[in-house]
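K.L.:
One structure follows; several queries about it will come next.
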Amino acid sequence: MSYKADIVIIGAGVVGLAIASEVTRQGREVYILEKNEIFGQEQSSRNSEVIHAGIYYEKDSLKTRTCLEGNALLYELCERNGIAYHKCGKIIVATNALEAEELEKLYRRGRDNGVPLKMLSRTEMKELEPNIKGISAFLSPTTGIVDSYSLMRYFLGKTRDNGAQIAHKTKVIGIEKAVDGYKVVVAELSGHSSLLTRVVINCAGLYSDRVAEMAGINIDEANYRLHWCKAEYYSVGGAKNRLINRLIYPVPMDISVGVHVCLDVNWRLRLGPLFYYVNEISYKLSDSRKRDFLDSSIMKALPFIEPADLQPESASIMAMLQGPGERFRDFIIEHEYNRGLPGFINLVGIETPGLTSSLAIARYVSHMAGEIL
Ligand SMILES: Cc1cc2nc3c(=O)[nH]c(=O)nc-3n(C[C@H](O)[C@H](O)[C@H](O)COP(=O)(O)OP(=O)(O)OC[C@H]3O[C@@H](n4cnc5c(N)ncnc54)[C@H](O)[C@@H]3O)c2cc1C
C-alpha cells in the first residue's frame with residue numbers, strides 16, 4: 001500500500017518526537033516511522049538526563065546555540081506540563097594544578113558563550129558541597145536534570161493530539177526520489193510497503209548516516225559517517241547520594257565531558273559515562289572497566305565513594321561524528337538541497353547535548369520544513 005504524507009520523520013527518539021510535536025502544529029499530514037516496538041529505546045533513554053547549560057562547545061556552533069535556547073525552553077515546558085525536572089545546578093571541580101588551569105579556560109569559554117557561571121571560593125565550595133574535594137571549582141546554576149521518558153511521552157501525546165501517525169516496528173529500508181518528493185520504503189511485520197512524502201526528516205540517531213546513504217548521499221565524501229561510542233554507567237550504593245546536593249563534574253581533559261555524577265529526578269546516584277569506541281551495538285556489561293572508573297578524575301573529588309559502592313548498571317551507545325583522537329564536530333542539520341535532494345533534511349551526529357537541545361532543534365527544523373512546503 002502507498003500513503004501520501006507532507007512529512008515523514010524517520011526515528012522516534014527525543015529529537016524525532018520533538019520535531020514531530022512542532023511540525024504537526026500546522027495541520028500537516030505527518031508520519032513518524034520507528035523500527036523498534038516503542039519510542040525512545042536507543043540514545044534517548046540511555047543517557048545522563050542532564051539539562052546542559054552550554055558551557056563546553058564552540059561559541060557559534062549549533063551545539064551551543066541549540067543548547068542555550070533548548071535549556072530555557074525545556075525548563076519552561078517541564079514547568080508548564082508537569083514533567084519531572086530539577087534545576088539542581090552543577091559544580092565542575094579541579095583536583096590538581098593542571099585541571100585548575102583548564103577549569104579557568106572552561107569558565108571563560110562558558111561565560112563567553114553567555115552561560116551564567118560563578119567561580120567558587122574554598123569556603124563557598126565547602127558550604128555548597130561539604131563532602132567533595134578539590135582545589136578550585138565553579139558553579140553552573142542553570143544545569144539540571146529531566147525525566148527523559150516523561151519528556152518523550154509529552155512530545156508523543158502532543159504529536160498524536162495534532163493528528164500525526166506513528167508506526168512502530170516499521171523500519172525504513174529504502175528512499176527513492178519521486179516526482180514531488182520521496183518514496184520511503186519500509187519493512188513491517190506484514191511485509192514491505194511505501195509512503196510518498198514531500199519532505200523527509202532523518203532523525204535515525206545511531207543509523208542516521210545509513211539513512212542518509214539510502215537517499216543517495218556518499219557519506220564519506222560528505223563527512224557524515226558515524227562512529228559508535230559505548231558508554232558505561234556504574235551505580236553508587238550505600239546511600240551515598242545523600243552526601244551531595246547537585247551534579248558534580250570533573251574538568252574535561254579530552255573531547256568528552258568525563259565520567260561524572262549522574263542523578264535522576266529521584267536522586268538515584270550513578271557515575272558515568274565511561275566512553276570507548278566500538279563496532280557493534282551491544283548493551284552487554286561486565287565489571288571489566290571498574291578500574292577505569294576508580295582511576296577517573298571524578299573519584300578524586302568524591303573521596304566518600306569506595307570501590308565496593310560501585311556496580312555496573314547500564315550501557316549505551318552514542319552516535320559520534322568524530323572518530324578516536326579527532327577534534328570537535330558540530331551537529332549536522334542540513335536541508336540537502338545542494339546535494340540534489342530538495343525536501344530531504346538530515347540530522348546526523350546529534351549526540352550530547354541533543355536531549356537539552358531537542359526543543360530548539362525542533363523549532364529550527366520546523367522552520368526549514370516550513371520553507372520547503
Ligand atoms: C551515553 C549518553 C549520554 C548522554 N547524555 C546526555 C545528557 O546528559 N544531556 C543531553 O542533553 N544529551 C545527552 N545525550 C545525547 C542525547 O541522548 C541524544 O542527543 C538524543 O537522545 C538523540 O536523540 P535522537 O532522537 O536523535 O536519537 P535516538 O534516541 O537514537 O533515536 C533514533 C531513533 O531512530 C530509530 N531508527 C533508526 N534507524 C531507523 C530506521 N531505518 N527506520 C526506522 N527507525 C529507525 C531508532 O530505533 C531510534 O528510536 C547523551 C547520549 C548518550 C548516548
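None of the figures in this text is laboratory data; all of them are computed from the coordinates on show. Worth saying up front: this structure is predicted, and the values here are computed from it rather than measured. Note: ideal-geometry Cβ built from the backbone for every residue, glycine included; neighbour counts use all protein chains shown.
K.L.:
What does the net charge come to around residue 225 if you take all other residues with beta carbon closer than 13 Å to its beta carbon, with K and R at +1 and D and E at -1?
P.N.:
Neighbour charge sum, excluding residue 225 itself: -3.
K.L.:
Next up: Rank-order 126-132, 267-273 by packing density, defined as the average count of other C-beta atoms within 10 Å over each peptide's residues, highest first.
P.N.:
267-273, 126-132
K.L.:
Charges only on Cβ, +1 for Lys and Arg, -1 for Asp and Glu: so what's the dipole of the stretch 153-237 about the Cα centre, in debye to the nearest 20?
P.N.:
Numbers: 11 positive and 9 negative charges, 69 e Å.
Here the size comes out at about 340 debye.
K.L.:
Could you tally the net charge around residue 275, taking each other residue with its Cβ under 14 Å from the Cβ of residue 275, Lys/Arg +1 and Asp/Glu -1?
P.N.:
Details: positive: 46, 230, 289; negative: 232, 254, 292, 326, 351.
Summing Lys/Arg as +1 and Asp/Glu as -1 gives -2.
K.L.:
What is the extension gain from residue 131 to residue 173, computed as 0.36 nm multiplied by their sequence separation minus the C-alpha to C-alpha distance, in nm to one decimal?
P.N.:
Computed gain between residue 131 and residue 173 is 9.9 nm.
K.L.:
Then there is this: Using the crude model of +1 on Lys and Arg Cβ and -1 on Asp and Glu Cβ, and no other charge, please compute the dipole size for the chain relative to its Cα centre, in debye to 20.
P.N.:
Numbers: 44 positive and 45 negative charges, 118 e Å.
The calculated dipole for the chain is roughly 560 debye.
K.L.:
Can you give me the Rg/Rh ratio for the stretch 54-120, using Cα atoms for both radii and the Kirkwood formula for Rh?
P.N.:
On the way: Rg = 14.1 Å, Rh = 13.4 Å.
Taking Rh as the inverse mean 1/r over Cα pairs, Rg/Rh reads 1.05.
K.L.:
Just name one of 100, 245, 299: the one whose Cα is farthest towards the positive end of the charge dipole of the chain (beta-carbon charges, Lys/Arg +1, Asp/Glu -1).
P.N.:
Looking along the dipole axis, the top candidate is 245.
K.L.:
May I pose another question? Just add up the charged neighbours of residue 98: K/R +1, D/E -1, any other residue whose Cβ is under 15 Å from the Cβ of residue 98.
P.N.:
-3
K.L.:
Among rounded, prolate and oblate, which fits the stretch 106-240 when a ≥ b ≥ c are the square roots of the eigenvalues of its C-alpha gyration tensor, a/c under 1.5 means rounded, and a/b larger than b/c means prolate?
P.N.:
prolate
K.L.:
Can you work out D for the stretch 87-173 in µm² s⁻¹ from Stokes-Einstein, where Rh is the Kirkwood radius over C-alpha pairs, the temperature is 37 °C and the viscosity is 0.692 mPa s?
P.N.:
Answer, rounded: 202 µm²/s.
K.L.:
Say R0 is 51 Å: what FRET efficiency, to the nearest 0.05, do residue 282 and residue 123 get from their beta-carbon distance?
P.N.:
Rounded to the nearest 0.05, the efficiency is 0.60.
K.L.:
What FRET efficiency comes out for residue 294 versus residue 253 if R0 is 22 angstrom and r is the Cβ-Cβ distance? Round to the nearest 0.05.
P.N.:
Computed FRET efficiency for residue 294 and residue 253: 0.85.
K.L.:
How far is the Cα center of the stretch 15-79 from the Cα center of the stretch 140-204, in Å?
P.N.:
13
K.L.:
Given 10 °C and 1.306 mPa s, how large is the Stokes-Einstein diffusion coefficient of the stretch 209-259 in µm²/s, with Rh as the Kirkwood radius over Cα pairs?
P.N.:
Rounded to a whole number, D works out at 105 µm²/s.
K.L.:
Just need the Rg to Rh number for the stretch 1-130, please, alpha carbons only, Kirkwood Rh.
P.N.:
Numbers: Rg = 19.7 Å, Rh = 18.0 Å.
Here the Rg-to-Rh quotient is 1.09.
K.L.:
Moving to a separate point now. With just the Cα atoms of the chain, tell me how far they stretch along each of the three principal axes, in Å, largest first.
P.N.:
Here the Cα extents, ordered largest to smallest, are 67, 40, 40 Å.
K.L.:
Oh, and also: Can you give the % of DSSP beta bridges in the chain that are antiparallel, to the nearest 5?
P.N.:
Taking every DSSP beta bridge within the chain, about 70 percent pair in antiparallel fashion.
K.L.:
Kindly provide the helix-only [θ] at 222 nm of the chain, computed as the sum of -39,500 (n - 2.57) over DSSP H runs of four or more divided by all residues, to the nearest 500 deg cm²/dmol?
P.N.:
-8500 deg cm²/dmol
K.L.:
Ok, one more. In the chain, with Lys and Arg counted as +1 and Asp and Glu as -1 at Cβ, which of these residues, 281, 157, 41, has the Cα nearest the positive end of the dipole, that is, farthest along it?
P.N.:
Most positive-ward Cα: 157.
K.L.:
Turning to a different aspect of this structure: For residue 81 and residue 101 in one chain, what is 0.36 nm times their gap in residues minus the Cα-Cα distance, to one decimal in nm?
P.N.:
3.1 nm
K.L.:
Further question on the same structure: For residue 4 and residue 41, what is the calculated FRET efficiency with R₀ set at 30 Å and r taken between the beta-carbons, to the nearest 0.05?
P.N.:
Numbers: r = 28 Å, r/R0 = 0.95.
Between residue 4 and residue 41 the formula returns 0.60.
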